[in-house]
Amino acid sequence: MTQAAAGSELDERVPGRRWIVRLDPVGRGSTEVRVSCDRPACAERRLPSAAEGRTAAVAHLKAHLRAAPAPRADTYCACRADGCRAHLPDTGRRARTEQPWRCGGPVVLTVITDRAGRWWQALECCSRCAAATPGARTAAASQPSAPRTADRPTPAAASTGAGTPQFSDQQVTTRTGCPAPLPVPAPRPEPARRRRPAEARIGRRVIPRDLRPLSLRDELTELGDLFRAYQNRPEPDLALLADLQERKARAFLTWSDVSCDVTLRLEAQRAEQAAAVIRRQHQHRTGCVPDGDEPGVARLLTVPTQWEYTRSVLAYVAGHTPLPGAEARLLVLMLTLRTAHTGTGNLVGQDVNALGLTDPEDLVEQLTGCGWLSLPGTVGDLLASRPENPTPVTVPSLVPDEDGTGPFTFGRKTRPKLSGWAQRVVSDKKLRKAKAPAGARLLAVTLATCTDGVGRLGPDGRGVTLNALAARVPVGAGELRDLIDRLTAADWLTDAALTDTHLTGRLTERVLPLTCPLLD
């Protein structure tokens, strides 16, 4: 095929289809992303995170691929203007020996993805260009075009007499004048593979099949299965792990004796040492600490008097919240801790917006409207304030009397510790990720002050009465069950059981540092 004929044939074809789906950030300081498609009928979408946006973009592209018709055999490559390797002009000797248009193979629908996950492009091109494009994946291929009849000739039939598009790598047959069909390779038969029986293992060691006695081999096999099952547990059980390490130490010591392998004896000693360390960790976490040892949980509030102060603040807020509902109770609690010593304190918009309130602006306006809270400006100014320019707020009921006494007895150094503790609880990472409502965060604060030393709810793990819980968390029975499920899903509460009179369970190990244990 001459260069002029190739160019003429290319001009008579229709351009290949192409569309692109993009993922762009909305703006600085925001985690939202924008998913857009250059197809006219596709509307732009906004999503809260890049992960959700990437999922939506991929789903949108897949929907296009499912709805798009099969690749058309009478098109030319849509990648000609994009710097495709098969269309770049050559220089030197190669330019003098090869034709400028070197497409070939059937037309395919190809998907190209940005490595950074910022755009996804689908286009029609020939199989040679698809193979020359890094990272391209073929979604569909065109069927060979049937020869046109005399009453419906192809656009190029008048000049070439061909019934299907001609590519430079195809040979034209003399009898039909059409390109010879591409050979389809037969699938390579897969060789039959003999599957070797699975080897029994414990850790990285293979248990010999001829190991005797059989009781030792069975014990090692069972230990390997138990260790692998322990790794899949949702939560650790240090007592169980210590028992497994002790069994491993005994089994490896016997294995070393029957096989005369010194390395097995050394591994038995390491297992015995690991069992002792894990057993001690379990004693620290459960409170069964030997005399003279320090407790194993490093709590944010370390002094028992601070634990009592937190309970006194919760009790005060329960009786002095001017508005009903869990959202008002949580906001009043945080503002009380922020202004407890002098009745005044600094606040920024993030302090209010991070509490999971339904309408924070309306709630703050209600508190200022009833006189419980005083602001120097508007509520909008408060919610827009940043750490470099906080808003001073005043709670008149917490301002000390003329003799300097107020509703609380702790000093000015203790107040920021209590406020920081409450802020850590309500802004817990998993609660924020689950977008927990204000009621769930208030319940988390309350339960953190109602545990024993190992995180069990109530004195000695007997549970918290529903009457005491309703006084601190003003929600109905149905909503309380939903809040408990939310805390369980956020890995805050486990083994929860709600009866007609009590809530039993315990806080998970990851939140034990935030607890304020009940004193005996």
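The values are calculated or read from the model by the stated rules, or taken from the named source; none is laboratory data. This structure is a prediction, so every number in the text was calculated from the model and none was measured. Positions of Cβ are backbone-derived with ideal geometry, glycine not excepted, and every protein chain shown enters the neighbour counts. Please note that ligands, DNA and RNA were not included when accessible areas were found on the heavy atoms of the full protein model with its side chains. Shrake-Rupley method; radii C 1.70, N 1.55, O 1.52, S 1.80 Å.
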Computed over region 414-488: relative contact order in percent, which uses C-alpha pairs under 8 Å that are six or more apart:
28 percent
Per residue, how much accessible area does region 462-520 have with a 1.4 Å probe, in Å²?
50 Å²
Estimated distance in nm for a label pair at Val303 and Ala198, the labels positioned 7 Å out from Cα along Cα-to-Cβ:
5.8 nm
If Lys and Arg each add +1 and Asp and Glu each add -1, what is the summed charge of the other residues whose beta carbon sits under 10 Å from the beta carbon of Ser256?
-2
I need the calculated FRET efficiency for the pair Ser259 and Arg280, taking r as the beta carbon distance and R₀ as 30 Å, to the nearest 0.05.
0.45
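Could you give the accessible area per residue of region 309-456, probe 1.4 Å, as a whole number in Å²? Show your work: numbers first, answer last.
On the way: 6640 Å² over 148 residues.
On a per-residue basis, region 309-456 sits at 45 Å².
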Roughly what would the spin-label model give for Gln273 and Arg311, points 7 Å off Cα along C-beta, in nm?
4.4 nm
Could you give the length gained on full extension between Asn346 and Asp482, defined as 0.36 nm per residue of separation minus the Cα-Cα distance, in nm?
45.6 nm
I'd like the Kirkwood hydrodynamic radius of region 390-450, using the inverse of the mean 1/r over distinct C-alpha pairs, in Å.
14.0 Å
Considering only protein heavy atoms and a probe of 1.4 Å, how much of the accessible area of region 33-78 is carbon and sulfur, as a whole percent?
55 percent
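Compute the length gained on full extension between Leu519 and Val58: take 0.36 nm times their separation in residues and subtract their Cα-Cα distance, giving the result in nm to one decimal.
Full-extension gain reported as 160.5 nm.
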Note: Ala384 to Val206 extended length (0.36 nm per residue) minus current alpha-carbon separation gives 57.7 nm
Percent of all alpha-carbon pairs of region 322-446 at distances over 24 Å, whole number, is 25 percent
Residues in region 44-66 that a label on Arg34 would reach, taking backbone N under 17 Å of a point 7 Å out along Cα→Cβ:
44-50, 53-54, 57
Share of region 424-520's accessible area from carbon and sulfur, percent, 1.4 Å?
50 percent
Which whole-number percentage describes the relative contact order of region 348-475, with Cα contacts under 8 Å and a sequence gap of 6 or more?
21 percent
Calculated FRET value between Asp495 and Glu402, using beta carbons and R₀ = 56 Å, to 0.05:
0.65
For region 27-37, just list the computed ³J(HN,Hα) in residue order, Karplus coefficients 6.51, -1.76 and 1.60, θ = phi - 60°, integers in Hz, with x standing in for Gly and Pro.
x, 5, x, 10, 8, 5, 10, 10, 9, 10, 10
Using only Cα atoms, what is the ratio of the radius of gyration of region 402-493 to 2.2 N^0.38 Å?
1.24
Listed highest first by mean packing, meaning other Cβ atoms within 10 Å per residue, what order do 448-459, 127-138 come in?
448-459, 127-138
